[in-house]
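A.B. asks: Structure provided below as structure tokens; questions to follow.
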């Protein structure tokens with residue numbers, strides 16, 4: 001299927017996509033803040049600049065978009081057919097970089113949690129967020 005935008009318009013649209021302050025990231029951050037957790041956002045001191053850093057729990061959270069980070073098995077993680085070589089190389093490179101950065105964080109003693117965009121759909125959101133809260137706080141902390 002041909003692109004519905006001109007090359008210039010597509011370039012403009014893509015230039016507005018940012019890696020920080022995405023709706024899924026804001027949703028997760030607001031929920032965790034409302035539950036009393038305090039965090040640092042996009043801390044550049046750590047590999048991969050995690051979306052949320054919880055020093056008290058020695059935990060970092062990445063909120064990944066399924067398309068940009070190629071969520072395996074997800075219907076939203078399809079490589080576009082137009083300019084396939086470019087997109088497959090770019091998206092596979094993103095996935096590889098994510099794995100390397102997560103390994104570095106784990107080697108530094110951090111617990112790494114990845115929240116995928118698709119798990120924040122309205123049907124799954126409450127369970128995903130409550131599970132995330134429990135995972136950050138640890139199994140010895142009882143749900144409130």
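A.B. asks: Of the DSSP beta bridges with both residues in the chain, give the percent that are antiparallel, rounding to the nearest 5. Before the final figure, lay out each step's value.
C.D. replies: Values: 5 of 11 bridges.
Here the antiparallel bridges make up roughly 45 percent for the chain.
A.B. asks: Taking only Cα atoms, what is the 0 to 90° angle, nearest 10, from helix 125-137's long axis to the longest principal axis of the chain?
C.D. replies: 50 degrees
A.B. asks: Roughly speaking, what is the stretch gain from residue 121 to residue 76, that is 0.36 nm per residue apart minus the C-alpha to C-alpha distance, in nm to one decimal? Intermediate results must be reported in sequence, preceding the final value.
C.D. replies: Details: separation 45, 0.36 × 45 = 16.20 nm, distance 1.21 nm.
Fully extending the segment from residue 121 to residue 76 adds 15.0 nm.
A.B. asks: Between residue 49 and residue 93, with labels modelled 7 Å along Cα→Cβ, what's the label distance in nm to one decimal, could you check?
C.D. replies: 1.7 nm
A.B. asks: Follow-up. Any chance you could give the angle, 0 to 90 degrees and rounded to 10, that helix 84-107 forms with the longest Cα principal axis of the chain?
C.D. replies: Helix 84-107 sits roughly 20 degrees off the main axis of the chain.
A.B. asks: Please list log₁₀ I(q)/I(0) at q = 0.18, 0.20 Å⁻¹ for the range 63-144, using the Debye equation with identical point scatterers on the alpha-carbon positions.
C.D. replies: Each listed q corresponds, in turn, to -0.89, -1.00.
A.B. asks: Separation between the residue 23 and residue 58 pseudo-spin-labels, each 7 Å from Cα along Cα→Cβ, expressed in nm?
C.D. replies: 3.7 nm
A.B. asks: Counting alpha carbon pairs within less than 8 Å and at least 6 residues apart, what relative contact order, in whole percent, applies to the range 18-124? Write out the running numbers ahead of the final one.
C.D. replies: Details: 123 pairs, mean separation 28.5, N = 107.
Reported relative contact order: 27 percent.
A.B. asks: For residue 11 and residue 34 in the same chain, what is the full-extension length gain: residue separation times 0.36 nm, less their Cα-Cα distance, in nm?
C.D. replies: 4.5 nm
A.B. asks: Going by alpha carbons, how many degrees (0 to 90, nearest 10) lie between the helix axis of 23-34 and the longest principal axis of the chain?
C.D. replies: Long axis of 23-34 versus the principal axis of the chain: about 10 degrees.
A.B. asks: Here's a follow-up. I'd like the projected area of the chain, averaged over all directions, using the convex hull of its alpha carbons. Report it in nm² with one decimal.
C.D. replies: The number I arrive at for the chain is 10.1 nm².
Read-outs throughout are calculated quantities, based only on the coordinates presented, and are distinct from any laboratory measurement. Note that the structure is a prediction, hence the values are computed from the model and not measured. Here Cβ is always computed from backbone atoms with ideal geometry, including for glycine, and neighbour counts include all displayed protein chains.
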